[in-house]
Amino acid sequence: MLPCERLADTPAVHHDGRWWLVAPTGTMPASDPAFTGELDGFAADMAAADRAVANLRTERTAVGEDQR
């Protein structure tokens, strides 16, 4: 993860190795290990999905170039 990155469209932000919950009224650290573990898992799943989409786009571009 980047040094400070929001998790998809959630109020969860990973910053300096910690999860934070951000709301218009303020920010608080997420400290429950079960909750932060779920956030870690979700972040890993999102990163894997992003890589898969990038690979598909690369393959599609390569196929398109081969057809020229």
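Here are the numbers:
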item: Counted residues, segment 1-53 - those being part of a strand (DSSP E or B) and of a type outside the set (Phe, Trp, Tyr); result: 15
item: Hey, LEU21 at pLDDT 95 or above and either surrounded by 10 or more Cβ atoms within 10 Å (Cβ to Cβ) or not polar (S, T, N, Q) (or both) or not; result: yes
item: Residue that is most open to solvent (accessible area, probe 1.4 Å), among those in segment 1-14 that are touching an Asp or Glu at 6+ places or on another chain (Cβ under 8 Å) and modelled with pLDDT of 90 or more; result: HIS14
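The values are calculated or read from the model by the stated rules, or taken from the named source; none is laboratory data. Note that this is a predicted model, so its numbers are computed, not measured. Quick reminder, even Gly has a Cβ in these numbers, built from the backbone with ideal geometry, and neighbours come from all protein chains shown. The accessibility values were calculated without ligands, DNA or RNA, using every heavy atom of the protein model including side chains. Shrake-Rupley method; radii C 1.70, N 1.55, O 1.52, S 1.80 Å.
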